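Asks: Dropping a structure here in structure tokens format, bear with me for questions.
The values are calculated or read from the model by the stated rules, or taken from the named source; none is laboratory data. Keep in mind the model is a prediction, meaning the values are calculated, not measured. Reconstructed Cβ throughout: ideal geometry from the backbone, glycine too, with neighbour counts over all protein chains shown. Heavy atoms of the whole protein, side chains included, go into the accessibility calculation; ligands, DNA and RNA do not. Shrake-Rupley method; radii C 1.70, N 1.55, O 1.52, S 1.80 Å.
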Amino acid sequence: MNYILDVFFVLAIGFLTFRLLFKDEELSGIIKLIKKAETGWLIVGVFCVFFFVAGESVIIKYMLRLFKVSVPFPSCLKYSFIGFFFSCITPSASGGQPAQMYYMKKDGIKLGHSTLIMLVITIAYKAVLVLLGLLFIGFHYSYIMSHVGGLWWLLLIGFALNLAYIFGLMFVLARPLWAKNAARKLVRLLIRMRILKKKNYESYVKKINRICDTYMVGADYIKHNVKAVLKIFLITLVQRGFLLSVTWIVYKSYGLSGTSFLDIVAIQTIIGITVEMLPLPGAAGITEACFSMMFEGIFPVLLLKPALLLSRGLSFYVLLIMSAVVTLGAHIIVLRKDKKSASAD
């Protein structure tokens, strides 16, 4: 029920954003402009979204093979869709990986393996986005800042949150014992502040120990599998590229020219850095606002809002719908298996 409510919350935010953006315009006029987009290009956009999801599946399959665990690719694709579904409906995409690990466990994959896979994927996914952002700013600073405009402070917050997240993960990987002690001190401080309950102290410590022990294994894996980790970074770069290309595809669907592929991908990357770590399910609302401001001047005024609907529709809502269908199917299968197990017992 909580997940259903999360989905409705995301849809409600999307609807309210739509109403706010198009409050002075006729719906029929917007639909006419959307229909002007070339269908062939939009189909390419749908495939790009699918390949974006499949990119993570390739990494999951690759790492499971390194662990000598045989899992068919469709199952890896299932884990990816499930992860993106829960990421879409939870703040800061926090629900995706626990859900993936749950369904992997249901398929007999060890928790240690799934945790390590999710850890490496997280580091690569965030690091690739930040590195792309830094490269684009380094080589296209004046262009990017001219489109960021008054949202520069939000971009700084986005960079700070992403870098803090990455450095936090790297710190735990590099110094797990230090991180363990720091986490225990933080728990004791929160207990004194009465934010956490004293009676649960031992359970908090057990969780901290389990997480840090997992990260120690992760650090050891990365040290001894540098080539594998580099391959994962390259796959992640291609994976990110598919999703970042969606806005360019929408741009081409209207037969527009004058702005290069890299320029559009650069702005989309900056939007990703700005909104991904914000505590909003699917970054709903703020993404649309950033798109409207940053792509002003790239899309003609008349096409800016229809382009926003198509770009966001492909990169988020199509992804949400595809992921929801796969997740529902996977959940039904798990329920049936659990029911059969209970009957057998």
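Asks: Identify the residue in the range 35-63 that is farther than 17 Å from Gln239 by Cβ and surrounded by 17 or more Cβ atoms within 10 Å (Cβ to Cβ) and, among all such residues, is farthest from the chain's Cα centre (by Cα). Please lay out each step first, then the result.
Replies: Taking the range 35-63 and keeping what is farther than 17 Å from Gln239 by Cβ, we get 35-43.
Subsequent filtering for residues that are surrounded by 17 or more Cβ atoms within 10 Å (Cβ to Cβ) retains 37, 41-42.
Working: Ala37: 27, Trp41: 24, Leu42: 21 Å.
Restricting to residues being farther than 17 Å from Gln239 by Cβ and surrounded by 17 or more Cβ atoms within 10 Å (Cβ to Cβ), the top hit is Ala37.
Asks: Quick test for you: out of Asn225, Asn209, Asn200, Asn181, pick the one residue that is over 24 Å from the mean Cα position of the chain (by Cα) and surrounded by 15 or more Cβ atoms within 10 Å (Cβ to Cβ).
Replies: Working: Asn209 fails: surrounded by 15 or more Cβ atoms within 10 Å (Cβ to Cβ); Asn200 fails: surrounded by 15 or more Cβ atoms within 10 Å (Cβ to Cβ); Asn181 fails: surrounded by 15 or more Cβ atoms within 10 Å (Cβ to Cβ).
Only one candidate qualifies: Asn225.
Asks: Follow-up. Among the listed residues Phe84, Phe159, identify the single one that is surrounded by 21 or more Cβ atoms within 10 Å (Cβ to Cβ) and farther than 28 Å from Asn209 by Cβ. Step through it out loud before you land on a result.
Replies: Working: Phe159 fails: surrounded by 21 or more Cβ atoms within 10 Å (Cβ to Cβ).
Result of the check over Phe84, Phe159: Phe84.
Asks: Checking the conditions here, which among Leu278, Leu230 is without any contact (Cβ under 8 Å) to a residue 12 or more places away in the chain and within 23 Å of Ala164 (Cα to Cα)?
Replies: Details: Leu278 fails: without any contact (Cβ under 8 Å) to a residue 12 or more places away in the chain.
Unique residue meeting the criteria: Leu230.
Asks: Still on this structure: Considering only residues that are of a type in the set (A, V, I, L, M, F, W, C) and surrounded by fewer than 18 Cβ atoms within 10 Å (Cβ to Cβ), look in the range 250-266 and name the one that is farthest from Met294 (Cα to Cα). Walk me through how you get there before you give the answer.
Replies: Taking the range 250-266 and keeping what is of a type in the set (A, V, I, L, M, F, W, C), we get 250, 256, 261-262, 264-266.
From what's left, surrounded by fewer than 18 Cβ atoms within 10 Å (Cβ to Cβ): 256, 261-262.
Working: Leu256: 17, Phe261: 15, Leu262: 15 Å.
Residue satisfying both the conditions and the ranking: Leu256.
Asks: Inside the range 208-247, can you point out the residues that are charged (D, E, K, R) and modelled with pLDDT of 80 or more? Can you show your working first?
Replies: Of the residues in the range 208-247, the ones charged (D, E, K, R) are 210, 213, 220, 223, 227, 231, 240.
Lys227, Lys231, Arg240, listed by residue number.
Asks: Now, a different point. Can you confirm whether Leu66 is at pLDDT 90 or above, of a type in the set (A, V, I, L, M) and either touching a Leu at 6+ places or on another chain (Cβ under 8 Å) or surrounded by fewer than 16 Cβ atoms within 10 Å (Cβ to Cβ) (or both)? Talk me through it step by step, then tell me what you get.
Replies: Working: at pLDDT 90 or above: no; of a type in the set (A, V, I, L, M): yes; either touching a Leu at 6+ places or on another chain (Cβ under 8 Å) or surrounded by fewer than 16 Cβ atoms within 10 Å (Cβ to Cβ) (or both): yes.
The answer is no for Leu66.
Asks: Six or more apart or on different chains, Cβ atoms under 6 Å: show the pairs whose first residue is in the range 130-154 and over 12 Å from Met294 (Cα atoms) and whose second is open to solvent by 60 Å² or more (accessible area, probe 1.4 Å) and part of a helix (DSSP H, G or I).
Replies: Close Cβ pairs satisfying both conditions: none exist.
Asks: Among the residues in the range 87-110, are any in a helix (DSSP H, G or I), touching a Leu at 6+ places or on another chain (Cβ under 7 Å) and of a type outside the set (A, V, I, L, M)? If you could, list the steps in order and put the result at the bottom.
Replies: First, pick out the residues of the range 87-110 that are in a helix (DSSP H, G or I): 87-89, 96-106.
Filter once more, so that each one left must be touching a Leu at 6+ places or on another chain (Cβ under 7 Å): 88, 101, 105.
Next cut, of a type outside the set (A, V, I, L, M) only: 88, 105.
Yes, the range 87-110 contains at least one residue that is in a helix (DSSP H, G or I), touching a Leu at 6+ places or on another chain (Cβ under 7 Å) and of a type outside the set (A, V, I, L, M).
Asks: Could you identify the single residue in Tyr141, Tyr165, Tyr102 that is surrounded by fewer than 17 Cβ atoms within 10 Å (Cβ to Cβ) and either touching a Lys or Arg at 6+ places or on another chain (Cβ under 9 Å) or more than 29 Å from Ser260 (Cβ to Cβ) (or both)?
Replies: Working: Tyr141 fails: either touching a Lys or Arg at 6+ places or on another chain (Cβ under 9 Å) or more than 29 Å from Ser260 (Cβ to Cβ) (or both); Tyr165 fails: surrounded by fewer than 17 Cβ atoms within 10 Å (Cβ to Cβ).
When all the criteria are applied, what remains is Tyr102.
Asks: Return a yes/no flag: does the range 40-63 have any residue that is farther than 23 Å from Gly218 by Cα and not in a helix (DSSP H, G or I).
Replies: Applying the first criterion (farther than 23 Å from Gly218 by Cα) to the range 40-63 yields 40-54.
In the following step, the residues that additionally are not in a helix (DSSP H, G or I) were identified as none.
Among the residues of the range 40-63, not one is farther than 23 Å from Gly218 by Cα and not in a helix (DSSP H, G or I), which makes the answer no.
Asks: Could you say which residue among Ile144, Ile166, Ile137 is within 25 Å of Ile286 (Cα to Cα), in contact with a helix residue (DSSP H, G or I) (Cβ under 8 Å, 6 or more places away or on another chain), at pLDDT below 90 and assigned to a helix (DSSP H, G or I)?
Replies: Numbers: Ile144 fails: at pLDDT below 90; Ile137 fails: at pLDDT below 90.
Only one candidate passes the filter, namely Ile166.
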